[in-house]
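A.B. asks: One structure follows; several queries about it will come next.
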Amino acid sequence: MAPQNLNLGTRLLAPLHDPCQTCRTSSHVLPRPPTSSHVLPRPPTSRLSPFFPYLGRMQLRVNDRTVELHPAPGERLLATLHDQLHLTGAKFGCGQGECGACTVLVDGRLTYACITLTEACEGAQITTVEGLASDQSGEKLAPLQRAFVAYDAAQCGYCTPGQLIAALHLLDTHPNPSEAEIREGMSGNLCRCGTYPKIIAAIQATARGEFRELATDAGTTTDSSGSAS
C-alpha cells in the first residue's frame with residue numbers, strides 16, 4: 001500500500017509561508033515577555049539543575065554596598081539593576097551598546113550595562129549614577145551633577161545618567177582634559193537633544209574646580225560658585 005503522507009513535510013512547512021487568513025501576514029512573532037529582562041522566571045530556590053540551569057546566588061558591590069543576587073542565565077546587568085536592585089538611573093536605549101544611555105562603571109571601567117551579563121560581574125565593584133551623590137539620601141549632588149544643572153547640560157534627561165558616568169570616568173583619568181579629550185572621552189554617549197556644547201562646558205567647569213565643596217565655619221559647605229548646601 002502506497003504511503004498516504006508523501007507531502008507531509010510540505011504541509012508542515014506551509015503555515016510558515018502561506019499568509020494567515022485572519023491578518024494576511026506572512027509570519028507571526030510571539031509577543032515579548034512583560035518583564036524588561038526578557039528571561040525565564042526566576043526559580044524559587046537556588047538549587048542548580050542540569051535540566052533547569054539557573055545560576056546560583058552571587059554577590060556584587062554596587063555603589064559601595066554589597067548585594068546578593070540570583071540572576072537568570074543570560075540576564076543583562078541593566079535588567080538586574082532595574083528589576084532586582086531598583087536602580088533605574090541607567091536607561092535602556094538601543095540594547096546594542098551603541099548609545100551609552102546604560103553606561104555604568106564596572107571595576108572602574110566604562111561598561112554598557114545593556115550588553116553585559118550579570119554573571120560576568122560577580123564580585124565586581126559597580127557604580128551607577130545613584131552612587132555619585134555624596135550622601136545616602138541622594139539629595140546632596142556631586143560637583144559634576146551640580147555643573148550639569150548649572151550649565152543646563154540636560155534637556156530631556158534620558159541620556160544624562162550615562163553622560164554623568166562617562167564624564168566621571170573622563171575626569172578620573174584626565175583631571176584637566178582638553179576639549180579634544182572631552183570630545184573623545186564622551187564619544188560613546190549620544191545625546192538626541194544635541195546638548196553637546198553644554199555637556200562639554202559643564203565638564204570643563206568641573207575640571208576647573210568651580211563646583212568643588214569648601215568647608216565653612218558654620219558647619220555647612222559651599223561650592224566655589226557660592227551656593228550653600
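The values are calculated or read from the model by the stated rules, or taken from the named source; none is laboratory data. Not measured: the values here are computed from a predicted model. For neighbour counting, all protein chains shown are included, and Cβ atoms are generated from backbone atoms with ideal geometry for every residue, glycine included.
A.B. asks: Could you list all residues from region 197-216 that are surrounded by fewer than 16 Cβ atoms within 10 Å (Cβ to Cβ) and either in a helix (DSSP H, G or I) or in the same structural domain as Cys114 (by TED's automatic domain parsing) (or both)?
C.D. replies: Of everything in region 197-216, those that are surrounded by fewer than 16 Cβ atoms within 10 Å (Cβ to Cβ) and either in a helix (DSSP H, G or I) or in the same structural domain as Cys114 (by TED's automatic domain parsing) (or both) turn out to be Pro197, Arg208.
A.B. asks: Pull up region 83-122, narrow it to residues that are polar (S, T, N, Q) and more than 11 Å from the chain's Cα centre (by Cα), then point me to the one that is farthest from Leu60 (Cα to Cα).
C.D. replies: If we take residues in region 83-122 being polar (S, T, N, Q) and more than 11 Å from the chain's Cα centre (by Cα), then Gln96 is farthest from Leu60 (Cα to Cα).
A.B. asks: Being within 18 Å of Asn63 (Cβ to Cβ), in a helix (DSSP H, G or I) and not small (Gly, Ala, Ser), is that true of even one residue in region 179-196? Reasoning before the result, please.
C.D. replies: Within region 179-196, the first condition is being within 18 Å of Asn63 (Cβ to Cβ), and the residues that meet it are none.
No, region 179-196 contains no residue that is within 18 Å of Asn63 (Cβ to Cβ), in a helix (DSSP H, G or I) and not small (Gly, Ala, Ser).
A.B. asks: Tally up the residues in region 98-136 that are of a type in the set (S, T, N, Q) and buried (at least 19 other Cβ atoms within 10 Å of the Cβ), please. Spell out the reasoning first.
C.D. replies: Our first condition is that a residue be of a type in the set (S, T, N, Q); within region 98-136, this holds for 103, 111, 116, 118, 125, 127-128, 134, 136.
Still in the list and also buried (at least 19 other Cβ atoms within 10 Å of the Cβ): 103, 111, 116, 118, 127-128.
Number of matching residues: 6.
A.B. asks: Could you check region 98-107 and list, in sequence order, the residues that are modelled with pLDDT of 95 or more and in a loop (DSSP other than H, G, I, E, B)? Before you say what the answer is, go through the steps one by one.
C.D. replies: If we filter region 98-107 for residues that are modelled with pLDDT of 95 or more, which is where we start, we get 99-107.
The answer is Cys99, Gly100, Ala101, Cys102, Asp107.
A.B. asks: Would you check if Cys23 is in a loop (DSSP other than H, G, I, E, B), surrounded by fewer than 17 Cβ atoms within 10 Å (Cβ to Cβ), modelled with pLDDT under 90 and outside the structural domain of Tyr196 (by TED's automatic domain parsing)? Talk me through it step by step, then tell me what you get.
C.D. replies: Working: in a loop (DSSP other than H, G, I, E, B): yes; surrounded by fewer than 17 Cβ atoms within 10 Å (Cβ to Cβ): yes; modelled with pLDDT under 90: yes; outside the structural domain of Tyr196 (by TED's automatic domain parsing): yes.
Criteria met by Cys23.
A.B. asks: Are there any pairs, at least 6 apart or on different chains, whose C-beta atoms fall under 6 Å, with the first in region 145-162 and surrounded by fewer than 18 Cβ atoms within 10 Å (Cβ to Cβ) and the second not polar (S, T, N, Q), and if so, which?
C.D. replies: Asp152/Lys198; Gln155/Cys193; Cys156/Cys193; Tyr158/Lys91
A.B. asks: From the set of residues in region 62-97 that are among the basic types (Lys, Arg) and not in a loop (DSSP other than H, G, I, E, B), which is surrounded by the fewest Cβ atoms within 10 Å (Cβ to Cβ)?
C.D. replies: It comes out as Arg65.
A.B. asks: From the residues in region 57-95 that are in contact (Cβ under 8 Å) with a residue 12 or more places away in the chain and of a type in the set (Lys, Arg), which one is nearest to Ile115 (Cα to Cα)? Talk me through it step by step, then tell me what you get.
C.D. replies: First pass over region 57-95, keeping only residues in contact (Cβ under 8 Å) with a residue 12 or more places away in the chain: 57-64, 67, 69-85, 87, 89-95.
From what's left, of a type in the set (Lys, Arg): 57, 61, 76, 91.
Details: Arg57: 21, Arg61: 19, Arg76: 6, Lys91: 12 Å.
The selected residue is Arg76.
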